[in-house]
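These notes are about the structure you will find just below.
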């Protein structure tokens, strides 16, 4: 059913892929670039840039930060999903 599937090799590839995913970064902007957020593959915010013009408008700043953070996390999640599909798609488990 699994042909010549080497589970040790598969686990090594999976581990390597996970490590690579955790080192990737994802950056999203909101408010036309007034707020920029970068998250890593572990969904941690690692950088935040705020244009000085927003410092007097707390409500707008909060909304733009939330939007940029959510967009960056969505990018990371989608990339992880795609990577998993690519990895498991290449295994040919049905043959």
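Rule-based calculations on the coordinates, nothing more; no lab input. As the structure is a computational prediction, the values presented were derived from the model and not from experiment. Because the Cβ atoms are built from the backbone with ideal geometry, glycine has one as well, and the counts that use them run over all protein chains shown.
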I need 23, 38 ordered by Cβ neighbour count within 10 Å, fewest first. 23, 38
Considering every pair of different Cα atoms, what Kirkwood radius, in Å, is found for region 23-89? 12.5 Å
Sum of -39500 (n - 2.57) over DSSP H runs of 4+, divided by residues of the chain (222 nm, nearest 500): -18000 deg cm²/dmol
Longest principal axis of the chain (C-alpha) makes with the long axis of helix 7-23 (C-alpha) an angle, in degrees to the nearest 10, of 10 degrees
Relative contact order (percent) for region 23-89, with alpha-carbon contacts under 8 angstrom and 6 or more residues of separation? 32 percent
Between 0 and 90°, nearest 10: helix 58-89 axis offset from the chain longest Cα axis: 10 degrees
